[in-house]
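Visitor: The structure is given below, and queries will be raised subsequently.
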């Protein structure tokens, strides 16, 4: 297990899903671009990034050793460039029936925690038997973390599916820029719905480059705070909750609301009631 013990500081965020390792998947092609991403993250107030290359999606299949080596390389280069930024190992795994058989703690888990597994599903469908696979993962004392559910077309049409996953113990990680409309109106609407339901546990950048998909979170946190009517609750999605994950602590989230609270009218937002 990787021992992290990331410091607690509200102004410094943790990005738990980021494609920042050079030449390993569809993220940056070289170390120079990775360092540009590090600079953008540090300037935005990010103190730690979990490098989560795809594993299983689009033919990418990096080894855990390659991820460890890449994270160490990028963190070392970032520190030499003057950025006090942690870069930690992880993976974004394609959900397949044999996933829980192939996981050998701590390999593949977020920051080597041995407990939390970031997984993704294809953008156009929810795989059959997903509930069974996730149940088997939980039996192995693994906590599944679903990446960007708001960008899945089936969940966009029926977001209650994602709420049900949260109710059964899966953590939901929404892409920050989805809340800002940068993945289109369907993803934004779904992200806002899940946020209002209290079903979103983590905000992350899912960054792939320093320009079109940069590793920044602060603007999304502000938007999440507006949706929740509680900025501190939004801050927890990039600080307290990911910190517990990196440190391998058991996080038991509150149950999502059974019905979405009504959106506040403009005059109620203005008056703060």
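Visitor: When you look at residue 49, is it surrounded by 13 or more Cβ atoms within 10 Å (Cβ to Cβ) and modelled with pLDDT under 95, yes or no?
Guide: Numbers: surrounded by 13 or more Cβ atoms within 10 Å (Cβ to Cβ): yes; modelled with pLDDT under 95: no.
Here the answer is no, as residue 49 does not meet what is asked.
Visitor: Still on this structure, please answer the following. Among (1) crowded, with 19+ Cβ neighbours inside 10 Å; (2) under 14 Å from the mean Cα position of the chain (by Cα), which single condition is residue 240 missing?
Guide: (1)
Visitor: Could you list, in sequence order, the residues of region 28-42 that are touching a residue at least 24 places away in the same chain (Cβ under 8 Å) and either surrounded by fewer than 23 Cβ atoms within 10 Å (Cβ to Cβ) or closer than 17 Å to residue 80 by Cα (or both)?
Guide: Listed by number, the residues that qualify are 31, 33, 34, 35, 36, 37, 38, 39, 40, 41, 42.
Visitor: Does residue 106 satisfy the condition of being over 25 Å from residue 244 (Cα atoms) and out of contact with any strand residue (DSSP E or B) (no Cβ under 7 Å at 6 or more places or on another chain)? Don't jump to the end; show me each part of the working.
Guide: Values: over 25 Å from residue 244 (Cα atoms): no; out of contact with any strand residue (DSSP E or B) (no Cβ under 7 Å at 6 or more places or on another chain): yes.
It is false that residue 106 is over 25 Å from residue 244 (Cα atoms) and out of contact with any strand residue (DSSP E or B) (no Cβ under 7 Å at 6 or more places or on another chain).
Visitor: Restricting attention to region 216-259, and to residues there that are assigned to a helix (DSSP H, G or I) and in contact with a strand residue (DSSP E or B) (Cβ under 7 Å, 6 or more places away or on another chain), which single residue is nearest to residue 33 (Cα to Cα)? Spell out the reasoning first.
Guide: Kept after step one, since they are assigned to a helix (DSSP H, G or I), are these residues of region 216-259: 218-228, 231-236, 240-246.
Pick out the ones that are also in contact with a strand residue (DSSP E or B) (Cβ under 7 Å, 6 or more places away or on another chain) and you get 220-221, 224, 241-243, 245-246.
Values: 220: 23, 221: 25, 224: 29, 241: 28, 242: 25, 243: 26, 245: 27, 246: 25 Å.
Top of the filtered list is 220.
Visitor: Right, next: Select from region 123-150 the residues that are in contact (Cβ under 8 Å) with a residue 12 or more places away in the chain, surrounded by fewer than 22 Cβ atoms within 10 Å (Cβ to Cβ) and under 27 Å from residue 184 (Cβ atoms) and list them in ascending order.
Guide: Once the filter is applied, which keeps residues that are in contact (Cβ under 8 Å) with a residue 12 or more places away in the chain, surrounded by fewer than 22 Cβ atoms within 10 Å (Cβ to Cβ) and under 27 Å from residue 184 (Cβ atoms), region 123-150 yields 123, 124, 125, 126, 127, 130.
Visitor: Name every residue in region 39-57 that is within 19 Å of the chain's Cα centre (by Cα) and in a helix (DSSP H, G or I), in order of residue number.
Guide: To start, the set of residues in region 39-57 that are within 19 Å of the chain's Cα centre (by Cα) comprises 40-42, 44-57.
Residues satisfying the conditions are 40, 41, 42, 44, 57.
Visitor: So which residues in region 165-205 are more than 21 Å from residue 131 (Cα to Cα), surrounded by fewer than 23 Cβ atoms within 10 Å (Cβ to Cβ) and touching a residue at least 60 places away in the same chain (Cβ under 8 Å), if there are any at all?
Guide: 193, 196
Visitor: A further question follows. Cβ-Cβ under 9 Å, sequence separation 6+ or interchain: first residue in region 221-237 and on the phi > 0 side of the Ramachandran plot, partner assigned to a helix (DSSP H, G or I). Which pairs?
Guide: Close Cβ pairs (under 9 Å, with a partner that is assigned to a helix (DSSP H, G or I)) amount to 229/269.
The values are calculated or read from the model by the stated rules, or taken from the named source; none is laboratory data. Keep in mind that this is a model prediction, so the values were computed, not measured. Neighbour counts are summed over all protein chains in view; Cβ atoms, including those assigned to glycine, are modelled from backbone coordinates with ideal geometry.
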